[in-house]
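S.K.: Quick one: structure below, then a few questions.
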Amino acid sequence: PPGDFAYYNERLGATVYADTSCGKRFDDASLIVLSNHLTMGFGDVDVQTETTLTLGGRDGLERVSTASLDGVPVGLASTVIKKGPCVFDLMLIATPAEFEQSLRDYRDFRDGFDAEYDR
């Protein structure tokens, strides 16, 4: 879909990714199950924190984890929100050394999130 995007910050070695799944791609699973889908393909995933929050007037779930990607350690943060016939995923993948700074930037970005959809 045209709303999906990723941004890479070379200085921090971090990527922020956003994805939508609407209509036929919509999965009405729990936020926990949807969060689990985001870490498929990563190894050694260890969830550090799991926090419920509200974004765009809907319940969401944020997870912060450590993991590996092709054997390289990474820090992960993910946020999942369901609104109407859509699931919205936001994700941060960063180097462990810059993860805390990247996480602050990610949360600033995430907290400005609002989702609209056409019926």
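The values are calculated or read from the model by the stated rules, or taken from the named source; none is laboratory data. Computed from a predicted model, the values in this text were never measured in an experiment. Glycine also receives a Cβ, built like all others from the backbone with ideal geometry; neighbour counts cover every protein chain displayed. These area figures cover heavy atoms from the full protein model, side chains too; ligands, DNA and RNA do not enter into them. Shrake-Rupley method; radii C 1.70, N 1.55, O 1.52, S 1.80 Å.
S.K.: Yes or no: the range 30-52 includes at least one residue that is within 15 Å of TYR106 (Cα to Cα), among the aliphatic types (A, V, I, L, M) and in contact (Cβ under 8 Å) with a residue 24 or more places away in the chain.
M.R.: No, the range 30-52 contains no residue that is within 15 Å of TYR106 (Cα to Cα), among the aliphatic types (A, V, I, L, M) and in contact (Cβ under 8 Å) with a residue 24 or more places away in the chain.
S.K.: Quickly run through the range 73-106 and pick out the residues that are surrounded by fewer than 16 Cβ atoms within 10 Å (Cβ to Cβ) and not small (Gly, Ala, Ser).
M.R.: PRO73, PRO85, THR95, PRO96, GLU100, GLN101, ARG104
S.K.: Still on this structure: Within the range 2-23, does at least one residue satisfy the condition of being among the polar types (S, T, N, Q) and part of a helix (DSSP H, G or I)?
M.R.: The answer is no, given that none of the residues of the range 2-23 is among the polar types (S, T, N, Q) and part of a helix (DSSP H, G or I).
S.K.: May I pose another question? Where residues in the range 40-65 are under 21 Å from ALA6 (Cβ atoms) and β-branched (Val, Ile, Thr), which of them is least open to solvent (accessible area, probe 1.4 Å)?
M.R.: Looking at residues that are under 21 Å from ALA6 (Cβ atoms) and β-branched (Val, Ile, Thr), I get VAL64.
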